Amino acid sequence: MVLINGYANIGSVRHGTTGEAIKDIFDIHFPNAGGVADLTWGKGGFWSKLGSSGLPPNYIQVIGLDIDVSGKAQIKSDYRLVPLQTQSVDVAVFDPPFIFTPGIRGLVGAKRFFLGSEAATDGRFYSGSKSDSRILAPRNAEDLRVQTLLVMIEMRRIARMGCILKGQNLITSKHPNWWTYQVIDHGHKLWGLEPEDELIQISPAARMVDPRWKRQYHFRRHHAYYLVYKWD
Ligand SMILES: C[S@@+](CC[C@H](N)C(=O)[O-])C[C@H]1O[C@@H](n2cnc3c(N)ncnc32)[C@H](O)[C@@H]1O
């Protein structure tokens with residue numbers, strides 16, 4: 001990073017990994033955060049550039065929670081009812097499971113399918129999988145909307161500074177699922193707040209094309225959003 005008079009000049013569209021995007025967000029918005037709760041730890045992919053190995057001022061302690069602890073989350077928990085005390089961490093982070101039908105992964109059988117990341121194609125990450133934890137994952141767009149509302153209530157309760165929500169407006173059931181707009185709607189209704197910022201991440205991971213796709217009906221989603229809320 002090149003500082004110009006102390007100004008880092010980090011743009012709102014970011015090519016890079018999830019870990020790099022998360023680091024940018026903490027650098028700009030939560031440089032003094034100490035304790036962080038990652039409510040959808042997965043494999044801890046958010047913390048490749050930060051976390052306990054980071055140096056001050058970004059020395060943060062991450063508590064990893066997930067309904068499925070096979071990726072080494074420390075606490076098994078449902079993000080709708082988080083077993084952490086009120087105002088017990090500085091920042092809460094949420095990266096919800098994807099909504100996909102069972103056939104999609106089997107069709108190609110490749111690990112790096114069109115979601116672009118190996119982690120994202122793990123069975124436990126989406127509702128179409130056969131793993132036990134998928135039962136609690138959102139089954140459709142409306143489920144995801146409601147689950148997001150519940151987790152936002154929990155994030156406001158447990159976090160002192162703010163929260164980060166990562167997601168995409170993916171095509172589900174033939175139409176875009178405008179998840180980021182739903183988040184903004186929830187934020188208005190719950191807290192009377194706008195996001196303080198958004199970061200758009202373009203992942204470097206390879207993108208495969210489903211052989212069943214013959215015609216393009218929507219622009220390909222190559223990017224993910226990080227919506228940042230700060231309470232003060
Ligand atoms: C997209 S992944 C998160 C990936 C993670 N950020 C990473 O980088 O490794 C979504 C995660 O949500 C978890 N999950 C699904 N339903 C859940 C629930 N009701 N409560 C808590 N975690 C849940 C899944 O087990 C999965 O690990």
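The values are calculated or read from the model by the stated rules, or taken from the named source; none is laboratory data. Since the structure is predicted, the reported quantities are computational estimates derived from the model, not experimental observations. So basically every Cβ, Gly included, is an ideal-geometry build from the backbone, and we count neighbours across all protein chains shown. Side chains are part of the model used for accessible areas, which takes the heavy atoms of the whole protein and leaves out ligands, DNA and RNA. Shrake-Rupley method; radii C 1.70, N 1.55, O 1.52, S 1.80 Å.
Worth pointing out:
- For the stretch 163-202, residues that are β-branched (Val, Ile, Thr) and touching a Lys or Arg at 6+ places or on another chain (Cβ under 8 Å) total 3.
- Filtered by the rule that a residue be part of a helix (DSSP H, G or I) and away from the ligand (no atom under 14 Å from the Cβ), the stretch 13-27 gives ASP24, PHE26, ASP27.
Listed here are the residues, each with its yes/no results for (1) hydrophobic (A, V, I, L, M, F, W, C); (2) assigned to a helix (DSSP H, G or I); (3) open to solvent by less than 40 Å² (accessible area, probe 1.4 Å); (4) in contact with a strand residue (DSSP E or B) (Cβ under 6 Å, 6 or more places away or on another chain).
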{"position": "CYS163", "(1), (2), (3), (4)": "yes, no, yes, yes"}
{"position": "HIS188", "(1), (2), (3), (4)": "no, yes, no, no"}
{"position": "GLU194", "(1), (2), (3), (4)": "no, no, no, no"}
{"position": "GLN201", "(1), (2), (3), (4)": "no, no, yes, yes"}
{"position": "ARG212", "(1), (2), (3), (4)": "no, no, no, no"}
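- Any hit, the stretch 166-185, residues being surrounded by fewer than 19 Cβ atoms within 10 Å (Cβ to Cβ), part of a strand (DSSP E or B), hydroxyl-bearing (Ser, Thr, Tyr) and modelled with pLDDT of 55 or more: yes
- Scanning the stretch 26-43 for residues that are open to solvent by 10 Å² or more (accessible area, probe 1.4 Å) and out of contact with any Ser or Thr (no Cβ under 8 Å at 6 or more places or on another chain) turns up ASP27, ILE28, HIS29, PRO31, ASN32, GLY34, THR40, TRP41, LYS43.
- Residue match in the stretch 49-68 (condition: out of contact with any strand residue (DSSP E or B) (no Cβ under 7 Å at 6 or more places or on another chain), modelled with pLDDT under 90 and within 18 Å of TYR226 (Cα to Cα)): yes
- Residue match in the stretch 38-45 (condition: away from the ligand (no atom under 11 Å from the Cβ), modelled with pLDDT under 95 and not hydroxyl-bearing (Ser, Thr, Tyr)): no
- Within the stretch 9-20, residues that are open to solvent by less than 70 Å² (accessible area, probe 1.4 Å) have Cβ atoms under 7 Å from residues that are part of a helix (DSSP H, G or I) and more than 16 Å from the ligand (Cβ to nearest atom) in these pairs: ILE10/ILE28, counting only partners at least 6 apart in sequence or on another chain.
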